[in-house]
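Here is the structure we will look at.
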Amino acid sequence: MNSVNNTSLLVETARLYYDHQMSQQQIADRLGTSRPSISRLLQQARDQGIVRIEIIDPTRQGSRLEQNLKEKYHLKKVIVVPADIQSEQKTKKRLGWAAARYLNELIFDDCILGVSWGTTMCQVVNHLTPRPVKNMKVIQIVGGITHGEFDPHAGEITQRISENYSARSYLLLLPAIVDSAQVKQAMISDKKIRESMDLARQADIILCSMGVFKPDSLMIQAEYFNPEEVQYLNQLGAVGDICSRMISNEGNLCWPELDARTVAIELNDLKNVSHAIAVAGGMDKKTVIHAGLLGRYFNVLITDEQVAEYLLET
């Protein structure tokens with residue numbers, strides 16, 4: 001079956017089930033197939049975005065899991081999506097969809113939005129709904145990766161978000177970590193770079209993800225740390241990064257010298273943002289997410305149910 005015919009079948013099945021309230025067996029009899037086949041078609045229609053299910057919460061308090069997390073960690077908002085233990089990619093898609101929807105509720109005319117990069121942030125971009133916003137600015141808040149094979153699409157993410165909202169973009173076309181604090185100071189003294197950094201500190205909304213510090217981490221693979229530095233960060237108890245700034249499991253910055261070489265918004269500046277949103281899930285990130293909560297670097301958390309349960313128990 002070609003893609004056009006398959007899409008038509010998905011649409012027809014979805015309409016019979018959701019619009020006409022037919023049972024799966026009734027649809028199977030009508031289409032000359034089996035009930036399990038109809039169940040698979042309905043799931044496929046949801047996976048492809050043909051069917052979108054929206055639950056309206058009149059109280060705006062969310063689920064008990066969300067409310068309990070919000071109270072425990074003193075957050076403005078918590079959004080918990082279902083976890084897919086067999087597919088990390090599906091979990092990231094759900095996180096991206098939830099973050100994109102929430103972002104669309106927050107933005108307003110003349111607002112400043114700061115964004116980081118990463119595979120989860122790519123999923124946020126993929127689920128945005130086009131909407132022009134007057135005088136909006138989108139700022140890249142952390143430098144990128146200069147090794148092409150490990151490109152995290154930092155500038156592309158900023159650019160696509162700005163295009164989605166007909167906003168003006170400000171790119172930070174620098175490495176996330178440079179050789180010395182002196183090199184960093186020379187770079188950020190440039191007028192255009194300084195303008196972007198200043199705007200990042202004025203952001204109304206920050207949207208970022210988190211990275212785990214492990215051998216296959218993007219920043220290690222891209223050789224931002226030599227083996228001695230990796231060993232030293234392990235000794236310091238590094239568990240991951242927020243905006244490329246390494247933190248320990250208590251939520252403290254690990255290494256002041258490294259922090260002085262990092263081209264990104266300061267973590268303490270995140271604490272002054274009206275809506276600092278962390279989008280991160282997967283049990284491999286549970287420790288760095290918890291560390292970020294202890295450091296109080298964000299006041300909105302979008303994560304999955306497995307991580308949420310871990311955070312409540314910790």
Every residue in region 91-107 that is out of contact with any helix residue (DSSP H, G or I) (no Cβ under 8 Å at 6 or more places or on another chain), surrounded by fewer than 24 Cβ atoms within 10 Å (Cβ to Cβ) and either without any contact (Cβ under 8 Å) to a residue 60 or more places away in the chain or not aromatic (Phe, Trp, Tyr) (or both), please. Arg94, Ala98, Arg101, Asn104, Glu105, Leu106, Ile107
Taking the condition charged (D, E, K, R) and either closer than 26 Å to Val273 by Cα or not assigned by TED's automatic domain parsing to the domain that holds Gly295 (or both), does Glu223 pass? no
Can you tell me which residue within region 141-156, out of those that are surrounded by fewer than 24 Cβ atoms within 10 Å (Cβ to Cβ) and either among the charged types (D, E, K, R) or modelled with pLDDT of 95 or more (or both), is nearest to the chain's Cα centre (by Cα)? Glu156
Any chance you could count how many residues in region 157-183 are within 30 Å of Glu229 (Cα to Cα), assigned to a helix (DSSP H, G or I) and in contact with a helix residue (DSSP H, G or I) (Cβ under 9 Å, 6 or more places away or on another chain)? 2
Please verify whether region 200-208 includes one or more residues that are within 24 Å of the chain's Cα centre (by Cα) and assigned to a helix (DSSP H, G or I). yes
Could you check, for region 253-268, whether at least one of its residues is in contact (Cβ under 8 Å) with a residue 40 or more places away in the chain, in the same structural domain as Leu69 (by TED's automatic domain parsing) and in contact with a Phe, Trp or Tyr (Cβ under 7 Å, 6 or more places away or on another chain)? no
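Test Val178 against the criterion of being surrounded by 15 or more Cβ atoms within 10 Å (Cβ to Cβ), of a type in the set (A, V, I, L, M) and touching a Lys or Arg at 6+ places or on another chain (Cβ under 6 Å), and give yes or no. Let's see the steps before the verdict.
On the way: surrounded by 15 or more Cβ atoms within 10 Å (Cβ to Cβ): yes; of a type in the set (A, V, I, L, M): yes; touching a Lys or Arg at 6+ places or on another chain (Cβ under 6 Å): yes.
Yes, satisfied.
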Any idea which of Arg52, Arg94, Arg64 is more than 22 Å from the chain's Cα centre (by Cα) and at pLDDT below 95? Arg64
If you scan region 108-140, which residues turn out to be farther than 20 Å from Cys243 by Cβ and either crowded, with 19+ Cβ neighbours inside 10 Å or of a type outside the set (S, T, N, Q) (or both)? Phe108, Asp109, Asp110, His127, Leu128, Pro130, Arg131, Pro132, Val133, Lys134, Met136
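Could you tell me whether any residue of region 109-121 is assigned to a strand (DSSP E or B), of a type outside the set (Lys, Arg) and closer than 20 Å to Asp284 by Cα? Spell out the reasoning first.
Of region 109-121, the ones assigned to a strand (DSSP E or B) are 112-115.
Then drop every residue that is not of a type outside the set (Lys, Arg), which leaves 112-115.
Filter once more, keeping what is closer than 20 Å to Asp284 by Cα: none.
Scanning region 109-121 turns up no residue that is assigned to a strand (DSSP E or B), of a type outside the set (Lys, Arg) and closer than 20 Å to Asp284 by Cα.
Look through Val81, Val138, Val133 and report the one residue that is closer than 30 Å to Asn6 by Cβ, assigned by TED's automatic domain parsing to the domain that holds Glu266 and among the β-branched types (Val, Ile, Thr).
Details: Val138 fails: closer than 30 Å to Asn6 by Cβ; Val133 fails: closer than 30 Å to Asn6 by Cβ.
Matching residue, one of Val81, Val138, Val133: Val81.
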Scan region 22-50 and report the pairs whose first residue is within 29 Å of Ala98 (Cα to Cα) and whose second residue is not in a helix (DSSP H, G or I), with Cβ atoms within less than 8 Å and a gap of 6+ or a chain change. Leu42/Val51; Ala45/Val51; Arg46/Arg52; Arg46/Ile53
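Here's the yes/no breakdown for (1) on the phi > 0 side of the Ramachandran plot; (2) acidic (Asp, Glu); (3) in a loop (DSSP other than H, G, I, E, B):
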position	(1), (2), (3)
Arg194	no, no, no
Met197	no, no, no
Asp216	no, yes, yes
Glu228	no, yes, no
Gly251	yes, no, yes
Asp259	no, yes, no
Gly281	no, no, yes
Asp284	no, yes, no
Thr287	no, no, no
Does region 108-130 contain at least one residue that is at pLDDT 95 or above and of a type in the set (Phe, Trp, Tyr)? yes
Search result, residues across region 89-108 that are in a loop (DSSP other than H, G, I, E, B) and of a type in the set (Phe, Trp, Tyr): Phe108
Which one is farthest from Ser196 (Cα to Cα) among residues in region 284-314 that are without any contact (Cβ under 8 Å) to a residue 40 or more places away in the chain and surrounded by fewer than 18 Cβ atoms within 10 Å (Cβ to Cβ)? Glu313
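The values are calculated or read from the model by the stated rules, or taken from the named source; none is laboratory data. From a predicted model like this one, the values you see are computed outputs, not experimental measurements. Counting neighbours? That spans all protein chains shown, and the Cβs are built from the backbone with ideal geometry, glycine included.
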